[in-house]
1. Given the options 375, 341, 355, name the one that is surrounded by fewer than 24 Cβ atoms within 10 Å (Cβ to Cβ), at positive phi and either touching a helix residue (DSSP H, G or I) at 6+ places or on another chain (Cβ under 8 Å) or not assigned by TED's automatic domain parsing to the domain that holds residue 217 (or both).
2. Look at residue 450 and say whether it is modelled with pLDDT under 85, over 18 Å from residue 506 (Cβ atoms) and out of contact with any helix residue (DSSP H, G or I) (no Cβ under 9 Å at 6 or more places or on another chain).
3. Can you name every residue in region 485-508 that is in contact with a strand residue (DSSP E or B) (Cβ under 7 Å, 6 or more places away or on another chain) and either modelled with pLDDT under 85 or not assigned by TED's automatic domain parsing to the domain that holds residue 465 (or both)?
4. Restricting attention to region 329-337, does a residue exist that is out of contact with any strand residue (DSSP E or B) (no Cβ under 8 Å at 6 or more places or on another chain), assigned by TED's automatic domain parsing to the domain that holds residue 412, surrounded by fewer than 24 Cβ atoms within 10 Å (Cβ to Cβ) and over 24 Å from residue 226 (Cα atoms)?
5. Picking from 41, 37, which residue would you name as being modelled with pLDDT of 95 or more and over 26 Å from residue 292 (Cα atoms)?
6. Among the residues of region 284-312, what is the count of those that are part of a loop (DSSP other than H, G, I, E, B) and in contact with a strand residue (DSSP E or B) (Cβ under 8 Å, 6 or more places away or on another chain)?
7. May I ask you to verify whether residue 495 is farther than 30 Å from residue 346 by Cα and surrounded by 17 or more Cβ atoms within 10 Å (Cβ to Cβ)?
8. All but one of (1) in contact with a strand residue (DSSP E or B) (Cβ under 7 Å, 6 or more places away or on another chain); (2) under 25 Å from residue 301 (Cβ atoms); (3) surrounded by fewer than 21 Cβ atoms within 10 Å (Cβ to Cβ) hold for residue 411, so report the exception by its number.
């Protein structure tokens, strides 16, 4: 099919209604899984008209015009079709059609750069050990969030279903880092919404590295932030071109995740400019509820899912701002920091154009430990990786507080973050503390909440400063010391800590401190907490 100009286009066709549907809200198991219904029931979310599939009679009528039906778009009550201009006229004449929007010009593709724009870097395999798991290179990124606390309490994502929406998961079915995930049937569904089939393992490798931030489980090499969760691998992005149709594919993938019962959506995709400039978004359109992907992100959250999206890697570009769907009002947009907590220069800035704080929070996206498509352990740069790092920790938090709603978890993560009282346009509310978020969700029943505890020391390795995250059951004075391996005290200070709170204790270490291995301790009334740290220069 081609028009007089030799062009075939994809169009979004919108329908006027869902009248005379073959489906009924009174029989939801025809189009929603029991798991999806259970999620709604737990959060008191009623069924609504956009839960109904697109009217199959309308789809048949569109197909009868000669247009190729690419995919229904349930939440938008419409369909993506491929046709020339003469067939489009026949589609537009159907009595139930109220919208036709070009979303892709076919037959001409522009090869895109790497989705993250920054090359991976090889890493060494220093064994950075947490209290109970040998995270290998993955330690820094989970420890920065205090996510290892949740693992140490037994919450590693068991029973949680995470939908990863990406550009492909090349070789994920054979890489050894995911052996544990595969052997435990942790990949419960795959679907390619670009090609319309179940195969996602021969496409772009971006999603493979993204998933490793959560699902890798190779002790001593890399353990992700939700190694025991189950995953759905969904492809909505065509990495060889950039058209707004991919936002509609994203919407279809999100609706699929909802109907299958996913708890969490994490997506390291974002949009602002396209190969066809007429489709470009303006900054004004990034108001949280205008762009197709943002509308879909809010719809996904309205169904009770926790939705996390990369803020984007445009911080150093002319665009500068976040991308959609991270602008969506009910989406947790994730920026990027390095292991020391400093903003990565590429991380996109907010706010959303309506003034909403974006990104909402941040996690490690600079030199993030990932698994590459050849099975090697390496590092990558981009909010593509900070987002899944945080999403996996969020899954463990929600597992620990399964009675809470998605937005209660959303807000607890924000409220636990380092800049919550003074948010900005670079990192939003800052870096979350998942131990603090646990407490905000009512987690005092856990043993660690009833006793003093040194929750974390970061960054590790460190340069000029160490920050101790210390939980105090009662108010007291705390002595902090740093010793070299001979026992010589290189630093000492006293801090006052308030009972029932977690406090960040920042040390200012001598610049003359040599590189090497040290022991940091926090001591009170004969109780001592000790961690090994490494000084680098």
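1. Values: 341 fails: either touching a helix residue (DSSP H, G or I) at 6+ places or on another chain (Cβ under 8 Å) or not assigned by TED's automatic domain parsing to the domain that holds residue 217 (or both); 355 fails: either touching a helix residue (DSSP H, G or I) at 6+ places or on another chain (Cβ under 8 Å) or not assigned by TED's automatic domain parsing to the domain that holds residue 217 (or both).
Only one candidate passes the filter, namely 375.
2. Working: modelled with pLDDT under 85: yes; over 18 Å from residue 506 (Cβ atoms): yes; out of contact with any helix residue (DSSP H, G or I) (no Cβ under 9 Å at 6 or more places or on another chain): no.
No.
3. Quick first cut of region 485-508, residues in contact with a strand residue (DSSP E or B) (Cβ under 7 Å, 6 or more places away or on another chain) only: 485, 489-499, 501-508.
The answer is 485, 498, 499, 501, 502, 503, 504, 508.
4. Initial filter on region 329-337 (out of contact with any strand residue (DSSP E or B) (no Cβ under 8 Å at 6 or more places or on another chain)): 329.
Narrowing the set further to residues that are assigned by TED's automatic domain parsing to the domain that holds residue 412 leaves 329.
Remaining after also requiring surrounded by fewer than 24 Cβ atoms within 10 Å (Cβ to Cβ): 329.
Pick out the ones that are also over 24 Å from residue 226 (Cα atoms) and you get 329.
Yes - at least one qualifying residue is present in region 329-337.
5. Numbers: 37 fails: over 26 Å from residue 292 (Cα atoms).
Only one candidate qualifies: 41.
6. Filtering region 284-312 down to residues part of a loop (DSSP other than H, G, I, E, B) leaves 286-291, 303-305, 311-312.
In the following step, the residues that additionally are in contact with a strand residue (DSSP E or B) (Cβ under 8 Å, 6 or more places away or on another chain) were identified as 286, 291, 305, 311-312.
Total meeting the criteria: 5.
7. On the way: farther than 30 Å from residue 346 by Cα: yes; surrounded by 17 or more Cβ atoms within 10 Å (Cβ to Cβ): yes.
Yes; evaluated as a whole, the condition is true for this residue.
8. (1)
The values are calculated or read from the model by the stated rules, or taken from the named source; none is laboratory data. Computed from a predicted model, the values in this text were never measured in an experiment. So basically every Cβ, Gly included, is an ideal-geometry build from the backbone, and we count neighbours across all protein chains shown.
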